[in-house]
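Engineer: The structure is given below, and queries will be raised subsequently.
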Amino acid sequence: MSCSNSNRSERLVKNSPSMVKALHDSCYVVPELNPRVIQDTDPVKKQAWQEAQVRHENSVKNQKHFNESLMKKHYEKIRGDDEAVASENNTRREKQKRFHEDIRTQMEQNVSAPPTALAVSVVGRARQALP
């Protein structure tokens, strides 16, 4: 069966309801033998393929570098936040410890001091605590 235009039109008329070529169509040429298909051995295609591959590898490398720097900044921020929280907790504990020690010393002074000295002591400590 030859592949001329008349045969093609006859086949299309014969298959007109679906307009689909028959599976056993003899005009089919495998891609390796089809002159309209750009072959893998074509130097222009090889060069275009290599350039596309280099572009892709560069974009992957850039994305990887961006992701790594983003995660590094994220981990540094977490570490900084942990240090800030630990510092705040230590400051709070020290402040509570000083407060309890001040209360304890005031209570000891209240027991042993006369009433007039007590008023002066409390007012003096309050003024010292103010910034």
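Every number in this text was worked out from the coordinates using simple rules, so none of it is lab data. Since this is a predicted model, take the numbers as computed values, not measurements. Positions of Cβ are backbone-derived with ideal geometry, glycine not excepted, and every protein chain shown enters the neighbour counts.
Engineer: Would you mind working out the magnitude of the charge dipole of the range 38-77 relative to its Cα centre, with +1 at each Lys and Arg C-beta and -1 at each Asp and Glu C-beta, to the nearest 20 Debye? Mind showing how you got there, number by number?
Structural biologist: Numbers: 8 positive and 6 negative charges, 56 e Å.
Dipole size: approximately 280 debye.
Engineer: HN-Hα J couplings of the range 66-74 from phi, Karplus 6.51/-1.76/1.60, θ = phi - 60°, integer Hz, Gly and Pro as x?
Structural biologist: 4, 4, 5, 5, 5, 5, 4, 4, 5
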